[in-house]
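Comments concern the structure below.
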Amino acid sequence: MRDSGPSEILLDWYDAHARDLPWRVGPAARKAGIRPDPYRIWLSEVMLQQTTVASVRSYFERFTALWPRVEDLAAAPDAQVMGEWAGLGYYARARNLLKCARAVTSDHGGTFPQTPESLRALPGIGPYTAAAIASIAFDYPAVVVDGNVERVMARLHDDPTPLPAAKPVFTRYAEALTPQERPGDYAQAVMDLGATVCTPRNPSCILCPWQERCAARLARTASTLPRKTPKKPKPVRLGIAYLARREDGAWLLERRPDRGLLGGMLGWPGSEWGDAPEPAPPIDADWQEVGAEARHTFTHFHLRLALRTAVVPVDQVPERGIFVEAGEFRSSDLPTVMRKAFDLAWTQRPD
DNA sequence: AATTCGGGGCC
DNA sequence: GGCCCAGAATT
């Protein structure tokens with residue numbers, strides 16, 4: 001066997017161990033000349049931002065079935081896209097997804113730009129996603145740095161510098177390894193390595209194709225890396241949600257403003273969330289307290305949401321929100337905290 | 001440079 | 001309970 005550099009060693013490992021993913025063109029097919037669909041790569045990469053493969057799978061299948069091409073997604077109604085994204089989290093991604101699909105369709109003739117810089121100019125595409133699309137979809141030798149790559153680089157160099165301050169250094173490590181040949185397969189290979197071998201806890205160093213050149217394996221420090229600066233504790237916020245059912249079965253919901261928490265999503269009208277929430281019934285009714293509260297943890301706070309229910313006559317006009325007909329309402333269109341509130345108030349309890 | 005943005009699976 | 005995840009946008 002001829003002398004191989006680290007990227008060739010990793011590519012050999014990838015040829016044998018590449019995971020089968022719905023958006024992936026595997027190494028064998030790629031060598032046979034099959035190109036990935038940039039639309040599917042873009043969609044998967046946006047869904048995968050801070051989100052596990054296991055969570056993304058079903059959403060990816062659903063989106064590509066509903067909207068096979070970027071032009072189809074661009075033409076979709078906002079409310080339908082937000083509803084399909086419900087439960088996946090980080091809802092700014094869905095809003096930017098639509099902006100991006102419409103920009104690609106109207107400004108680029110339905111074709112994704114191919115360089116990291118031009119991709120970076122599109123909504124919802126940052127440094128990582130631009131590099132990932134350029135390399136995977138177009139075989140552009142971009143330096144792809146995600147959480148997996150950071151972890152692998154920290155361990156290869158046994159570098160104790162804490163993230164996020166270490167990001168520029170880890171990026172330089174990654175730069176030095178990125179090959180000109182098969183950059184797309186290489187990018188996916190490092191991420192697969194991080195996801196399946198060089199895992200956050202209990203890495204399988206014995207299975208690692210880079211074990212002989214890994215400083216952390218020699219030092220037995222792999223499982224302690226990368227270091228991260230400690231996070232702030234999450235405060236508790238309180239709130240009240242009002243779940244009104246009209247006598248004909250319609251539900252009183254509210255479209256949340258496009259910015260901020262759960263932006264652009266449907267939700268139950270309610271109080272602000274804070275230390276001492278003020279009652280804010282959206283319609284005059286005989287509100288009943290629900291015994292249980294919905295508990296939910298967001299990125300930076302814990303929420304305890306008190307619930308109120310009421311049944312109101314058909315001719316009554318709400319002060320806030322809009323009635324959604326029973327036949328048009330799907331609790332799966334709601335973000336998880338709102339779906340939890342619905343389940344607690346109306347399905348897990350007797351009427 | 002820090003903060004804001006979700007949710008699920010794992011330990 | 002906290003940690004992690006194919007991060008981006010905003011301040």
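At a glance:
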| item | result |
| --- | --- |
| Residues that are under 20 Å from A:GLU254 (Cβ atoms), within 16 Å of DNA strand C (Cβ to nearest atom) and open to solvent by 50 Å² or more (accessible area, probe 1.4 Å), drawn from the range A:288-300 | A:GLU293 |
| Check on A:ARG69, within 14 Å of DNA strand C (Cβ to nearest atom) and among the basic types (Lys, Arg) | no |
| Qualifying positions in the range A:270-287 - more than 16 Å from DNA strand B (Cβ to nearest atom) and exposed (fewer than 12 other Cβ atoms within 10 Å of the Cβ) | A:ALA276, A:GLU278, A:PRO279, A:ASP286 |
| Top-ranked residue of the range A:210-222 - restricted to ones that are within 16 Å of DNA strand C (Cβ to nearest atom) and assigned to a helix (DSSP H, G or I), ranked as nearest to A:ASP159 (Cα to Cα) | A:ALA216 |
| Residues (free of Cβ contacts under 8 Å to residues at least 60 places away in the same chain and within 16 Å of DNA strand B (Cβ to nearest atom)) located in the range A:140-176 | A:VAL145, A:ASP146, A:GLY147, A:ASN148, A:LYS167, A:PRO168, A:VAL169, A:PHE170, A:THR171, A:ARG172 |
| Qualifying residues in the range A:77-98 (those that are aliphatic (A, V, I, L, M) and open to solvent by 40 Å² or more (accessible area, probe 1.4 Å)) - the one farthest from DNA strand C (Cβ to nearest atom) | A:ALA79 |
| Conditions (1) open to solvent by less than 10 Å² (accessible area, probe 1.4 Å); (2) part of a helix (DSSP H, G or I): number failed by A:ILE125 | (2) |
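The values are calculated or read from the model by the stated rules, or taken from the named source; none is laboratory data. The structure displayed is predicted, hence computed values, not measured ones. Here Cβ is always computed from backbone atoms with ideal geometry, including for glycine, and neighbour counts include all displayed protein chains. Ligands, DNA and RNA are stripped out before the accessible areas are found, and what is left, the full protein with its side chains, is counted by its heavy atoms. Shrake-Rupley method; radii C 1.70, N 1.55, O 1.52, S 1.80 Å.
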